[in-house]
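All remarks here apply to the structure that follows.
The values are calculated or read from the model by the stated rules, or taken from the named source; none is laboratory data. Fair warning: this is a prediction, and the values are worked out from it, not measured in the lab. Here the Cβ positions follow ideal geometry from the backbone for every residue, glycine too, while neighbour counts run over all protein chains shown. Remember, those area values only see protein heavy atoms, side chains included, never the ligands or the DNA or RNA. Shrake-Rupley method; radii C 1.70, N 1.55, O 1.52, S 1.80 Å.
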Amino acid sequence: MLRILSLKFGRVYRCGKFLFIIALFVILLMNTHNLLASFQRNELTDRRFIGLNKCPACFGTSWCRKFMNSQVTFEMWGRLRFLDFFNVKNVYFAQYGEPREGTRRVVLKRLGSNQELAEIDQKICKRATGRPRCDLIQGMYKTEFARLNGDVRLLTPEVVEGWSDLVHCPSQRLLDRVVRRYAETKDSGSFLLKNLKDTERMQLLMTLAFNPEPLVLQSFPSDEGWPFAKYLGACGRMVAVNYVGEELWSFYNAPWEKRVDLAKQLMDIAEQLTNNDFDFALYLLDVSFDNFAVGPRDGKVIVVDAENIIVADKRLIKQNKPENYDVWYESRYEECDKEACLSFSKDILCSRVTVDHNYYAICQNLLSRFATWRGTTGGLLHDPPADLVKDGRLTALLDECTRPQKQYGRFQAAKELQEYLTELTQLSNTNR
């Protein structure tokens, strides 16, 4: 019976796949003229296509000259507009060229789906006029983004608290860092908000409110060792970041030694974002195989989606001493019927000095047997060699890191797991 069902399912799958190919071929035939036009023109020079016509309700203009000079061009598949139907996240691959440096691959992001971007316009209009539709540019000048004008010296926590995950619990030290490192101005380096032009100030605040990923990349840059993609610039509602490499998911079935090295790097990232010399804790709220990528040359793991990150200032927490601020906080494992689930309290993340959230997120959603993604289970460290299975130490550490059985067990398990993965990596390098 099971065999009959599997055979029927196989026929249905093959039939569906064949029909999909036929449908795609028909669409190609119907859009032949548009296809040819798409290859002949560079849509990245179109002000409307990249959202430049919506500025200052946009993410910046620092790369507009490069866009308008056709230094940025879509790669082949990115030129086919009918494929945008499948590109829900609005992420594109492109080539960026400099006369002396040649071309290199970059990633272009609209920082949201079409629906989310439409909702941005509606929210701006509602803030300005109370109605969902309006003249967007005029509307921006009637919002709180414009009220913080040149007379306001600093960007302060009480103004922006809760606008997005980045500023769920902002400190003055964090906001000064964000303004000082803001890359969409020629006069960066000052933490004074009044030094920005009106349009630059509105763009910064809109980015902070709707998708702060560019500000995370600018405030914690890869050039200083932070594990994020490098921010390059923006034009309208199109942001350019450095291409890192293939997503982590591509390495799910890589050789064991490679997966151990990647797992070690992921635990290193969890440690770095939790404990660093700057006393900023960056907590990853959205952890999945798609949100990390691996460099093709150095094999380095990088966070490529930084929208949902809370930044807690440990110095401020120690200074204000909220209730139980010095009590270690253990994230609670909860079963979930969805993929890449995490359980957390933003307010607790913002009020404790010692938190195990990043270790919990990496272990549960990426490394352990509890990790689920695209219909698979077992995590990145699935199917370990027989000697490690027999030893049992790796499985025990991963389980304790995900579902601790002892009080503060995850803290100790994460430390030991990081050390153990380092040992396994060194051993594999020795045996090469």
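Evaluated with a Cβ-only charge set (Lys, Arg +1; Asp, Glu -1), the chain carries a dipole of roughly 1480 debye about its Cα centre, given to the nearest 20.
State whether segment 53-208 is rounded, prolate or oblate according to the following rule on the C-alpha gyration tensor (a ≥ b ≥ c being the square roots of its eigenvalues): a/c under 1.5 gives rounded; otherwise a/b larger than b/c gives prolate, and the remaining case gives oblate. Oblate. Sort segment 253-431 into rounded, prolate or oblate with this rule: let a ≥ b ≥ c be the square roots of the eigenvalues of the Cα gyration tensor; rounded if a/c is under 1.5, and if a/c is not under 1.5, prolate when a/b is larger than b/c, oblate otherwise. Prolate, because a/c is 1.5 or more and a/b exceeds b/c.
With a cut-off of 10 Å between beta carbons, the residues surrounding residue 173 carry a summed charge of -1, where Lys and Arg count +1 and Asp and Glu -1.
Net charge in the neighbourhood of residue 145 (other residues with Cβ under 9 Å of its Cβ; Lys, Arg +1, Asp, Glu -1) is +2.
Listed here are the pairs 300/390; 89/415; 123/346; 264/338; 89/126; 197/321; which of them are more than 28 Å apart at the Cα?
300/390; 89/415; 197/321
Assuming a ≥ b ≥ c are the square roots of the Cα gyration tensor eigenvalues, decide whether the chain counts as rounded (a/c under 1.5), prolate (otherwise, with a/b larger than b/c) or oblate. Note, shape of the chain comes out oblate.
Computed over protein heavy atoms with a 1.4 Å probe, the accessible surface of the chain works out to 51 Å² per residue.
Rounded to the nearest 500, the helix-only mean residue ellipticity at 222 nm of the chain stands at -12000 deg cm²/dmol, with each DSSP H run of n ≥ 4 adding -39,500 (n - 2.57).
Packing, as the average of other Cβ atoms within 10 Å across residues, places the peptides 209-216, 49-56, 271-278, 346-353 in the order 209-216, 49-56, 346-353, 271-278, highest first.
Dipole of the chain computed with +1 at Lys/Arg Cβ and -1 at Asp/Glu Cβ about the Cα centre; of 275, 251, 112, farthest Cα towards the positive end is 112. Residue ranking by accessible heavy-atom surface, 1.4 Å probe, largest first, among 406, 321, 390 comes out as 390, 406, 321. Among 389, 91, the order of accessible area from largest down is 389, 91, computed with a 1.4 Å probe on protein heavy atoms. Protection proxy ranking, highest mean first, for peptides 391-397, 225-231, 181-187: 225-231, 181-187, 391-397, where packing is the per-residue count of other beta-carbon atoms within 10 Å, averaged.
Annotation: peptides 189-201, 409-421, 326-338, ranked by per-residue average of other Cβ atoms within 10 Å with the highest first, follow the order 409-421, 189-201, 326-338.
Carbon-plus-sulfur accessible fraction, the chain (probe radius 1.4 Å, protein heavy atoms only): 51%.
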